[in-house]
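Working notes, structure below.
Laboratory data are not the source of any read-out in this text; all were calculated from the coordinates shown. Because the structure is predicted, anything quoted here is derived from the model rather than measured. Neighbour counts run over all protein chains shown; Cβ positions are idealised from the backbone, glycine included.
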Amino acid sequence: MIYQGGCHCGAVSFEVEAPEEVEVEDCNCSICSMTGYLHLIVPARNFRLVSGANSLTTYQFNTKTAEHKFCKICGIKSFYIPRSNPDGVDVNLRCLKSRPSVVRIVGFDGQNWEKHAHTLAHKSR
């Protein structure tokens, strides 16, 4: 299935290919818990930025590996390149216009990221 998504103001829009049944992570790290991000990690080939490349800005912290992409206008992070899957794209499920028919939300202990990151590696393959 192809799902459309984007930021709040509409400046950034994208398409992501994902199955009708997905598992997403609800991470408890500092940035995810503050923003309410639900992680749908897909291979990079399953993501296409439709519009808004010029409206994006990047935030990096800690190891500066992850590329958190924010809309410069409304501030929403609808997708990013995750440290756990640098060959993939992590889409915020909450930024999709329509959602997969079955969504299984699982907790992810991002406060102890180094111990658990390996459990996400398969998601971008």
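So the values come out like this:
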item	result
Whether region 2-124 is rounded, prolate or oblate, judged on the alpha carbon gyration tensor where a/c under 1.5 counts as rounded	oblate
Mean Cα-pair separation over length for region 1-48, i.e. relative contact order, pairs under 8 Å, 6 or more apart, %	34 percent
Cα gyration tensor category, rounded, prolate or oblate, for region 1-70 with a/c compared to 1.5	oblate
Antiparallel bridge percentage (DSSP; both residues within the chain; nearest 5)	80 percent
Sorted by Cβ density within 10 Å, fewest first, the residues VAL12, VAL106	VAL106, VAL12
Residues MET34, MET1, sorted so that the one with the fewest Cβ neighbours within 10 Å comes first	MET34, MET1
Sparsely packed trypsin sites (Lys or Arg not before Pro) within region 1-105, loop by DSSP, other Cβ within 10 Å at most 14	LYS64, LYS72, LYS97
Extension gain (nm, one decimal) between SER98 and HIS118, 0.36 nm per residue minus Cα-Cα	4.3 nm
From phi via Karplus (6.51, -1.76, 1.60), per-residue ³J(HN,Hα) for region 6-11 in Hz, x at Gly/Pro	x, 8, 5, 7, x, 5
Gaussian network model of the chain, Cα within-10 Å springs - most flexible of SER78, SER51, SER101	SER101
